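The values are calculated or read from the model by the stated rules, or taken from the named source; none is laboratory data. Because the structure is predicted, anything quoted here is derived from the model rather than measured. All Cβ positions, even for glycine, are placed from backbone atoms using ideal geometry, and neighbour counts span all protein chains on display. Only protein heavy atoms, including side chains, enter the accessible area calculation; ligands, DNA and RNA are left aside. Shrake-Rupley method; radii C 1.70, N 1.55, O 1.52, S 1.80 Å.
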Amino acid sequence: MSEVIDWSTLSEVEKIKYNSNYLRGTLEESLADPVTGAIADDDTQVSKFHGIYQQHDRDLEKERKRQKLEPAYSFLIRVRLPGGVTTGKQWLQMDKLADTHANGTLKLTTRQAFQLHGVIKTKLKATIQGINEGLLDTIAACGDVNRNVMSHANPGESDLHATVYKLADDISAHLTPRTRAYHEIWLDQKKVADSKKEVEPIYGVRYLPRKFKIGVAIPPYNDIDIFSQDLGFIAIEEKGKLVGYNVTAGGGFGSTFGMPEAYPRLADVIGFCTPEQAVDVAEKVVLVQKDNGNRENRKQARLKYTIDRLGLDWFKAEVNKYLGYDLQPAKPFTFTRNGDRYGWKKGTDDKWSLNLFIEGGRVKDTDSLKLKTALREVAEKVEDAQFILTGNQNLVIGNTTEKDKVSRILKKYGVWPVQLSGLRQNTIACVALNTCGLAFAEAERYLPTMVGKIESILEEHDLLKQEIVIRMTGCPNGCGRPYLAEIGFIGKSLGHYNLYLGGNFNGTRLNTLYKETLSEEEILNELRPIIADYAKNRNKGEGFGDFVIRKEYVKETKEGRDFRH
Ligand code: SRM
Ligand code: SF4
């Protein structure tokens, strides 16, 4: 820690990371404090690196204030799960923890991770221990480090899929912080005798300037939205064999209303590497960002801004310099869709996998659908089934020999088969209210209703089967990747949304603002004539997003920098 740092210009979080003693902060004291349900302010930053966010119930905000009570604090816990792959036993463990320690639901996130919501401070440690007992952990699920590494939705689909999934797992392991803080604080492991002598070989004491996200994809399916990742690997196959990966860099969606300098950006393809080089490429890209990312302004700190500030050519040269060799020229590839492929599929090993739709990624029981119970029964009764979370907040019950048994259980509960419109199949909604502190409007709790209303319009035009990518978030941070949707909604205020059109069906184009601050009625009035026009005048096979650009409802957004809210 002998670095001389000029703190005067750096963001507050830089100081917190530096002073945290490799992510220990005062978390132990915070947990022990009986006076409040919250943890100390600085610890709310440190806890993120342990996969924990402090939140409060926003539905109760006003009433708690009126009663002069502190907010109803609780915590979100995010489980790191490279490629979203878990066993039935792990699913059962998470299912149980949701009931005993959280709000009774499991959230399957847009990055293939589990979230538990509503865990109160006194249950935090036991919950983390329970997760670890299931041989899962929450290290680096959040914070200024590499987050959950995403991968195509099923390693069992073929040998190639297994190899590419292994890359996601290897990158995740390689970029996991080395500090023992997590083990000491949550798992009661022996304290490191002199933590000052600890080293973070990749991250150093101040970790990264900002969050960092990596994903791997296998064309033609872009089910992880590769161009939204800080760093991506696109598997390139020749004659059925993996020859290497195209490397993408500089994606990211966080942006802010009224601040054009904070914008969503799609990644650039920067070259090609061999399978053996891929983990090294991941490390070196992370290091280039660590050394050059903006540590003064967190709204300019992601890799996308480093690249735009210093130039793509500079970035490529710097990556090559760090690698000590040059990335090769990128190879051709094509993506056809970014949504999931529902239904049963047979892997090359003759095992079966079922891709199920999970609305809003929320696994819960309601009066009309006992989804959580149904999935629990599958995990209990079908021993070989994997539970694989997809990048579209859905679930694959994977690689089982017991197809009929799975089908019987799901049918009994009405979970599968189901008839879904092409629109509903392609939905993503971020969590938003009531837990997300940044939400201006509903998303997960409202998109199903909005989709129902748009379905009625589609039905009038015989378009119910037409697949259209539709996504909603409660603010412009982009957690549901709304900037890639053919129809995107971003919450402006309670009950009001900006409407964005013109993303495409394979996740390779940003959409464009069509109209601002619309109520539900206004949204439907705007969409009705466009859908009617689409029904009548679309070209054969033309997607809704392509159509609205051809018919000039919106202009194509060619560069993130040109995006406007
Ligand atoms: Fe996100 C912050 C939820 C994927 C961009 N995101 C948050 C927080 C933690 C709010 C906060 O900071 O207080 C949200 C917690 C809500 C809650 O109650 O659960 C939250 N993000 C989510 C999840 C759960 C949405 C979902 O419904 O699935 C996703 C969890 C992924 C995971 O398992 O790791 C989630 N977030 C994303 C994505 C999509 C992705 O990664 O593929 C993005 C856009 C891509 C990107 O990172 O650029 C995303 N989240 C953000 C941002 C904006 C970052 C930026 O560069 O400005 C924030 C706010 C921030 O970091 O300051 C944010
Ligand atoms: Fe919260 Fe905004 Fe992310 Fe939705 S997009 S979860 S409202 S931060």
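Within the stretch 380-395, track down each residue that is outside any loop (DSSP other than H, G, I, E, B) and of a type outside the set (Lys, Arg).
Restricting attention to the stretch 380-395, the residues satisfying the condition of being outside any loop (DSSP other than H, G, I, E, B) are 380-381, 386-389, 395.
Answer for the stretch 380-395, where residues must be outside any loop (DSSP other than H, G, I, E, B) and of a type outside the set (Lys, Arg): 380, 386, 387, 388, 389, 395.
Scan the stretch 68-77 and give yes if some residue there is surrounded by fewer than 23 Cβ atoms within 10 Å (Cβ to Cβ), away from ligand 2 (no atom under 16 Å from the Cβ) and part of a helix (DSSP H, G or I), otherwise no.
no
Answer yes if at least one residue in the stretch 440-448 is open to solvent by 10 Å² or more (accessible area, probe 1.4 Å), within 12 Å of ligand 1 (Cβ to nearest atom) and either outside the structural domain of residue 510 (by TED's automatic domain parsing) or among the basic types (Lys, Arg) (or both), and no otherwise.
Looking only at the stretch 440-448, we keep the residues that are open to solvent by 10 Å² or more (accessible area, probe 1.4 Å), and these are 440, 442, 444-446, 448.
Filter once more, keeping what is within 12 Å of ligand 1 (Cβ to nearest atom): 444-445.
Those still in the list that are either outside the structural domain of residue 510 (by TED's automatic domain parsing) or among the basic types (Lys, Arg) (or both) too: 445.
Yes, the conditions are met somewhere in the stretch 440-448.
Within the stretch 269-290, is even one residue buried (at least 24 other Cβ atoms within 10 Å of the Cβ), among the aliphatic types (A, V, I, L, M) and either within 14 Å of ligand 1 (Cβ to nearest atom) or in a loop (DSSP other than H, G, I, E, B) (or both)?
No, there is no match, as no residue in the stretch 269-290 is buried (at least 24 other Cβ atoms within 10 Å of the Cβ), among the aliphatic types (A, V, I, L, M) and either within 14 Å of ligand 1 (Cβ to nearest atom) or in a loop (DSSP other than H, G, I, E, B) (or both).
For residue 42, state whether it is open to solvent by 50 Å² or more (accessible area, probe 1.4 Å), part of a helix (DSSP H, G or I) and on the phi < 0 side of the Ramachandran plot.
Against the criterion (open to solvent by 50 Å² or more (accessible area, probe 1.4 Å), part of a helix (DSSP H, G or I) and on the phi < 0 side of the Ramachandran plot), residue 42 qualifies.
Which ones in the stretch 298-326 are charged (D, E, K, R), away from ligand 1 (no atom under 16 Å from the Cβ) and part of a helix (DSSP H, G or I)? Break it down stepwise before answering.
Here is the first cut: in the stretch 298-326, the residues charged (D, E, K, R) are 298-299, 302, 304, 308-309, 313, 316, 318, 321, 326.
Then keep just the ones that are away from ligand 1 (no atom under 16 Å from the Cβ); that gives 313, 316, 318, 321, 326.
Matches in the stretch 298-326: 313, 316, 318, 321.
For the stretch 539-559, which positions are part of a helix (DSSP H, G or I) and either at pLDDT below 95 or open to solvent by 30 Å² or more (accessible area, probe 1.4 Å) (or both)? Working first, answer last.
Taking the stretch 539-559 first, the residues part of a helix (DSSP H, G or I) are 544-550.
Hits for the stretch 539-559 are 546, 549, 550.
What number of residues within the stretch 83-102 are crowded, with 23+ Cβ neighbours inside 10 Å and in contact with an Asp or Glu (Cβ under 9 Å, 6 or more places away or on another chain)?
Residues in the stretch 83-102 being crowded, with 23+ Cβ neighbours inside 10 Å and in contact with an Asp or Glu (Cβ under 9 Å, 6 or more places away or on another chain): 2 in total.
Restrict the check to the stretch 518-538 and report whether at least one residue is modelled with pLDDT of 95 or more, more than 19 Å from residue 457 (Cβ to Cβ) and surrounded by fewer than 21 Cβ atoms within 10 Å (Cβ to Cβ). Break it down into steps so the answer makes sense when it comes.
Applying the first criterion (modelled with pLDDT of 95 or more) to the stretch 518-538 yields 518-538.
Of the ones still in play, those that are also more than 19 Å from residue 457 (Cβ to Cβ) are none.
No, the stretch 518-538 contains no residue that is modelled with pLDDT of 95 or more, more than 19 Å from residue 457 (Cβ to Cβ) and surrounded by fewer than 21 Cβ atoms within 10 Å (Cβ to Cβ).
Report every pair of residues separated by at least 6 positions or lying on different chains whose Cβ atoms are under 9 Å apart, first residue within the stretch 520-541 and within 12 Å of residue 453 (Cβ to Cβ), second part of a loop (DSSP other than H, G, I, E, B) and open to solvent by less than 80 Å² (accessible area, probe 1.4 Å).
520/446; 520/495; 531/461; 531/463
Give me the residue from the stretch 111-126 that is open to solvent by 20 Å² or more (accessible area, probe 1.4 Å) and closer than 30 Å to residue 252 by Cα and, out of that set, nearest to ligand 2 (Cβ to nearest atom).
Among those that are open to solvent by 20 Å² or more (accessible area, probe 1.4 Å) and closer than 30 Å to residue 252 by Cα, it is 111.
Give the stretch 225-245 a look and list any residue that's crowded, with 24+ Cβ neighbours inside 10 Å and in contact with a helix residue (DSSP H, G or I) (Cβ under 9 Å, 6 or more places away or on another chain), or say none.
Kept after step one, since they are crowded, with 24+ Cβ neighbours inside 10 Å, are these residues of the stretch 225-245: 225-234, 245.
Across the stretch 225-245, the qualifying residues are 225, 227, 228, 230, 231, 232, 233, 234, 245.
Filtering the stretch 470-481 down to residues that are in contact (Cβ under 8 Å) with a residue 60 or more places away in the chain and under 14 Å from the mean Cα position of the chain (by Cα), which residue is surrounded by the most Cβ atoms within 10 Å (Cβ to Cβ)? Walk me through it before giving the result.
At the first step, the residues of the stretch 470-481 found to be in contact (Cβ under 8 Å) with a residue 60 or more places away in the chain are 476-481.
Next cut, under 14 Å from the mean Cα position of the chain (by Cα) only: 477-481.
Working: 477: 18, 478: 21, 479: 23, 480: 31, 481: 27.
Within the stretch 470-481, the match that is surrounded by the most Cβ atoms within 10 Å (Cβ to Cβ) is 480.
Return the residue satisfying two criteria in turn: it lies in the stretch 360-379 and is in a helix (DSSP H, G or I) and within 16 Å of ligand 1 (Cβ to nearest atom), and of such residues it is farthest from residue 102 (Cα to Cα). Break it down into steps so the answer makes sense when it comes.
From the stretch 360-379, those in a helix (DSSP H, G or I) are 360-361, 371-379; that's our starting set.
Pick out the ones that are also within 16 Å of ligand 1 (Cβ to nearest atom) and you get 360-361.
On the way: 360: 18, 361: 16 Å.
Going through the qualifying residues, I end up with 360.
Could you list, in sequence order, the residues of the stretch 145-166 that are assigned to a loop (DSSP other than H, G, I, E, B), in contact with a helix residue (DSSP H, G or I) (Cβ under 7 Å, 6 or more places away or on another chain) and not aliphatic (A, V, I, L, M)?
Answer for the stretch 145-166, where residues must be assigned to a loop (DSSP other than H, G, I, E, B), in contact with a helix residue (DSSP H, G or I) (Cβ under 7 Å, 6 or more places away or on another chain) and not aliphatic (A, V, I, L, M): 148, 152, 154.
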